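What follows is a short report on a single structure.
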Amino acid sequence: AQSVTQPDIHITVSEGASLELRCNYSYGATPYLFWYVQSPGQGLQLLLKYFSGDTLVQGIKGFEAEFKRSQSSFNLRKPSVHWSDAAEYFCAAVNYGGSQGNLIFGKGTKLSVKP
Amino acid sequence: NAGVTQTPKFQVLKTGQSMTLQCAQDMNHNSMYWYRQDPGMGLRLIYYSASEGTTDKGEVPNGYNVSRLNKREFSLRLESAAPSQTSVYFCASSPSGNTIYFGEGSWLTVV
């Protein structure tokens, strides 16, 4: 079955430190991959997406993600975390097979930022 | 530019009551979706509509019905609400084969 796994439920980093959030997928073929961010009480905002091509993808708010086919991973990174980055982050994948496509989400990683 | 608009934003229901969550998108997208979000579960697909006139079940469809009224609107109905349906509901839309855009969510409590 297709699935997306985020191994870390909760991560705490100090402001200014680097960040890496992990995401692994299990699909028959390379899916389209996404990272979304959700602040408390808010909807989901798209950070970045990977469809094909360059495996290092730049997104909004200084985030980037690297697609590694050999590891079935799509990890999210940021060189220097800001307090406003505290939120929950969701990795998602979709395989547009035929006319039926739907986004499958990981269970999320909550990011806390220490001053 | 409204994007995906959901109403109501907050609702409290008594067990057994019915209600409809409304969703409209102004981006001329073919596909629309309803998800629910529960703590520690991520988002799970309830129903989706790949195009106007079609609907399909997702991962957790039991207790829900949907209507794709036209290309813009996709409603979610709870016929007889249960406490297990307490959740945050997100409507979303996408042009076929592309990024999915979410509404701001509807917080539903069933008591």
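Worth pointing out:
- Kirkwood hydrodynamic radius over Cα pairs of the protein assembly as shown, then Stokes diffusion coefficient at 4 °C and 1.567 mPa s, in µm²/s: 72
- When you restrict to C-alpha pairs under 8 Å that are six or more residues apart and normalise by the size of chain A, the relative contact order lands at 37 percent.
- Only the Cβ atoms of Lys and Arg (+1) and of Asp and Glu (-1) were treated as charged; on that basis the dipole of chain B about its Cα centre amounts to roughly 140 debye.
- Mean Cα-pair separation over length for the stretch B:64-111, i.e. relative contact order, pairs under 8 Å, 6 or more apart, %: 32
- When the charge dipole of chain B is built from unit charges on Cβ atoms (+1 for Lys and Arg, -1 for Asp and Glu) and taken about the Cα centre, the candidate among B:Tyr89, B:Gln17, B:Gly58 whose Cα reaches farthest toward its positive end is B:Gln17.
- Sequentially through the stretch A:59-73, phi angles give Karplus couplings (6.51, -1.76, 1.60; θ = phi - 60°) of x, 7, 6, x, 8, 9, 9, 10, 8, 10, 4, 5, 9, 6, 10 Hz, Gly and Pro residues having no value and appearing as x.
- Counting only Cβ charges, +1 for Lys and Arg and -1 for Asp and Glu, the dipole size of chain A around its Cα centre is about 120 debye.
- Of all DSSP bridge pairs formed entirely within chain A, close to 85 percent run antiparallel.
- For the protein assembly as shown, a crude dipole built from +1 on the beta carbon of Lys and Arg and -1 on the beta carbon of Asp and Glu, taken about the Cα centre, is about 160 debye to the nearest 20.
- Under 5 Å between amide hydrogens, built in the peptide plane, is the criterion, and for B:Thr86 it picks out B:Val110 among residues at least 5 positions away or on other chains.
- Fluctuation leader among A:Lys68, A:Lys49, A:Lys78 - chain A, Gaussian network, Cα springs under 10 angstrom: A:Lys68
- Once C-alpha pairs closer than 8 Å and six or more residues apart are averaged by separation and normalised to the residue number of the stretch B:1-105, the relative contact order reads 34 percent.
Each value in this text was obtained by applying a stated rule to the coordinates, not by laboratory testing. Only a predicted model underlies this, so the values are computations on that prediction, with no experimental measurement involved. For neighbour counting, all protein chains shown are included, and Cβ atoms are generated from backbone atoms with ideal geometry for every residue, glycine included.
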